[in-house]
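The values are calculated or read from the model by the stated rules, or taken from the named source; none is laboratory data. Since the model is a prediction, treat every value here as computed from it, not as a measurement. Don't worry about glycine lacking a Cβ; one is built from the backbone with ideal geometry, like all the others, and counts go over all protein chains shown. Side chains included, ligands, DNA and RNA excluded: accessible areas come from the protein's heavy atoms. Shrake-Rupley method; radii C 1.70, N 1.55, O 1.52, S 1.80 Å.
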Amino acid sequence: MQSPRHHIKKLSEQQELAIYIHWPFCKSKCPYCDFYKELNRGVNQDDIIGEYLNALQQYYDLMPERNIKSIFFGGGTPSLIAPKNIEKIINCIVKRWRISENIEISLEANPNSRYDTMFKDLKNAGINRLSLGVQALNDEDLRFLGRTHNTQTARLCLQEIVQTFDNHSADLIYALPQQNFKNWQLQLGEICSFGLKHLSLYQLTIEDGTVFARKGIKPLDEEKSVEIYNFTRDYLAQKNYCHYEVSNFALSGFASRHNLTYWQGGDYIGIGKSAHGRIKLNGRFYSVTYPFINEELTPQERAEELIIMGLRLVEGINKTDFKNICGLDFNDFVNREKLQQLKEQNLLIETPHHLKTSYDGFLLIDYIAAELCS
């Protein structure tokens, strides 16, 4: 596999770029998770970080004129990375590329990796947005989800990140088997009490190949899941959280800039095992897999991705942006007959400039995307 500089010319125009740093190592593997990860045993961080820095240099050689809008440390459990190594990665980026004035530098942390000064150390390393993988706020649900922290530790971490950072988020999982409405109401009310700027709330899905799938675990039935989802949207709206993406809610001005890059079709690169990205160079589209570019995408393939990702946003797909990114006219690309049928079914709302799902359609995004691209 060749370095990208061997077969793609350098970019001449200035564009924004987001950078994802993937740390695949965890203390333990959760039974619901299907992300690529490895157990944190015998890991030589310095060697791995050295590989990451070399990859960043290669991408800088390819795209030196980009403005970096965000850096996101995800995983796995990136809070297991030594803060000195996080600082090395951030410094490598900021010393090479131009940096947006309001750059967002996020890191996902797990409560089970906490030590007394962890959050202060992460802030000193350059992190300005902390996302905490709480997943549940009662011990019974945490045990079911295979989490190795308890509710007391989660609460302590939540208090610390709110005190340490100006920008913060937390994850919860709902629609667990046998989860009742009261259970979720209590957890949602408590998570809101911490004053977090952002919440990511994920419905439990049983993915092939996971421990849950092998055990035959079933999520909450669909009717009850929809009831919880609808309640969640209404409740968080009363708490001034804007629902801006299927699973994401934010106070005004605190939507994740990095994740919006994915959903709005911006360019990003991924560093680390299993990390991937999408970039546009000299009018051509590439799917990139760490550490090298390995596949050119057609405009039609990129257009399909823009529809799949754009429908996840409450504001939907901006038709002008769609054409600016992939070069295809939105109205010519989509299946207009199917689009009209979906509108008649009250699943889609169309204006001259946007296409978005209705309240009901938001629960059927995969189906709607497949119809539009058929």
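Annotations for the structure displayed:
- Carbon/sulfur fraction of accessible area - the chain, other protein chains in place, 1.4 Å, %: 46 percent
- Amide H contacts of G272 (H built 1.01 Å from N, under 5 Å, at least 5 apart or other chain): H22
- Pairs over the 29 Å Cα-Cα cut-off, from the set K69/K123; K123/K215; K215/K356; K273/K356; K123/K356; K182/K343: K123/K215; K215/K356; K273/K356; K123/K356; K182/K343.
- Theoretical FRET efficiency, 1/(1+(r/R0)^6), r = Cβ-Cβ of S374 and K120, R0 56 Å, to 0.05: 0.60
- A simple count of charges around L313, restricted to other residues whose Cβ falls under 13 Å of its Cβ and scoring Lys, Arg +1 and Asp, Glu -1, yields -1.
- Pairs of Cα atoms nearer than 8 Å and 6+ residues apart set the relative contact order; for the chain it is 15 percent.
- Whole-Hz ³J(HN,Hα) from phi, Karplus 6.51 cos²θ - 1.76 cosθ + 1.60, for the range 201-216, glycine and proline x: 10, 10, 6, 4, 10, 9, 8, 4, x, 8, 4, 4, 5, 5, 8, x
- Selection from L297, A370, M118 lying farthest towards where the dipole of the chain points positive, charges on Cβ: M118
- The chain, dipole about Cα centre (Lys/Arg Cβ +1, Asp/Glu Cβ -1), debye to the nearest 20: 920 debye
- Within the set [x] 64, 44, 38; [y] 78, 48, 33; [z] 57, 54, 40, the number that Cα extents along the principal axes in Å takes when calculated for this structure is listed as [z].
- Mean Cβ count within 10 Å, highest first, over the residues of peptides 316-322, 297-303: 316-322, 297-303
- Converting phi to 3J(HN,Hα) with the Karplus coefficients 6.51, -1.76 and 1.60 and the offset θ = phi - 60°, the range 318-332 yields 7, 5, 5, 4, 4, 5, 5, 7, 9, x, 10, 6, 4, 5, 7 Hz in sequence order, with x at every glycine or proline.
- Inter-part distance where the range 137-155 and the range 330-374 are each reduced to a Cα centre, Å: 39 Å
- Amide hydrogen neighbours beyond the local backbone of I105, cut-off 5 Å, H modeled: I71, N128, R129
- Gyration tensor (alpha-carbon) shape descriptor, the range 259-333, a/c threshold 1.5: oblate
- In sequence order, calculated HN-Hα J values of the range 186-195 (Karplus, 6.51, -1.76, 1.60; Hz; x Gly/Pro): 5, 5, 5, x, 5, 4, 5, 5, 7, x
- Mean residue ellipticity (222 nm) of the chain, computed from DSSP H runs ≥ 4 via -39,500 (n - 2.57), nearest 500: -11000 deg cm²/dmol
- Applying a 4.7 Å Cβ-Cβ cutoff to the chain leaves C26, C92, C157, C192, C242, C326, C373 as cysteine residues with no disulfide-compatible partner.
- Around the amide H of R312, modelled in the peptide plane, lies no amide H under 5 Å away from a residue 5 or more places distant or on another chain.
- Given R0 = 35 Å, the distance between the Cβ atoms of F231 and R155 translates into a calculated FRET efficiency of 0.95.
- If you sort the three axes of the alpha carbon gyration tensor as a ≥ b ≥ c, you get a/c of 1.5 or more for the range 86-191 and a/b above b/c, which makes it prolate.
- Per residue, the chain exposes an accessible area of 46 Å² to a 1.4 Å probe, with every protein chain left in place.
- Distance between modelled label sites at Q15 and N240, nm, 7 Å Cα→Cβ extension: 3.7 nm
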